[in-house]
Ligand code: ADP
Ligand code: MG
């Protein structure tokens, strides 16, 4: 996936970008979605999840770290790790039910160094540009992040 930088002027445009992104995703993919509160992470995931066949309302995960939906031929996971902080050390397999074969996972507030997320294929970064404008950068990552992780180097 070639890196792309886009500016959107409202939530509909961000959803639409999510729909375009969906066309490039496949079973097993993990998409990391970064950006301050209110930049449109969930809005973008909503557009992508719709295009992948989710018909239920797509809302921010509240009680669990993630929501799971049925898409067209693939399950869709939507995680928000904002409150997770150090919980990962207590439950190392916390993400296992959300990522992997048969699923496409979108992860807001991904944790640095989280092993389960090392194979993420797409990184999206959103930022505020005043009013309803947002800068959105989409970039592909090498499969399984082999350059860093397997060399035992820094995470990101
Ligand atoms: P996040 O998940 O990053 O906290 P949300 O997607 O939940 O953000 O909320 C983004 C809010 O900003 C929504 O209320 C949405 O309507 C509004 N908004 C305004 N302009 C945009 C835009 N260009 N893209 C996405 N959301 C926007
Ligand atoms: Mg959100």
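FYI, it's all coordinate maths here, none of it is from the lab. Worth saying up front: this structure is predicted, and the values here are computed from it rather than measured. We place every Cβ from the backbone using ideal geometry, glycine too, and count neighbours over all the protein chains shown.
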Antiparallel content of DSSP bridges confined to the chain, in %, to 5: 55 percent
Exposure proxy ranking, count of Cβ atoms within 10 Å, fewest first, for 84, 117: 84, 117
Within segment 44-131, percent of DSSP bridges classed antiparallel, to nearest 5: 45 percent
As computed over segment 4-142, the Cα convex hull volume per residue (Å³): 102 Å³
Inter-label distance for residue 36 and residue 62, nm, one decimal - labels placed 7 Å from Cα along Cα-to-Cβ: 2.5 nm
Theoretical FRET efficiency, 1/(1+(r/R0)^6), r = Cβ-Cβ of residue 55 and residue 132, R0 22 Å, to 0.05: 0.25
Helix-only mean residue ellipticity at 222 nm for the chain, each DSSP H run of n ≥ 4 adding -39500 (n - 2.57), per residue, nearest 500: -5000 deg cm²/dmol
Chain lengthening between residue 24 and residue 91 when straightened (0.36 nm per residue, less Cα-Cα): 21.0 nm
Relative contact order of the chain, defined on C-alpha pairs under 8 angstrom at six or more residues apart (%): 32 percent
Rg in Å to one decimal, and Dmax rounded to a whole Å, for segment 30-82 via C-alpha atoms: 10.7, 32
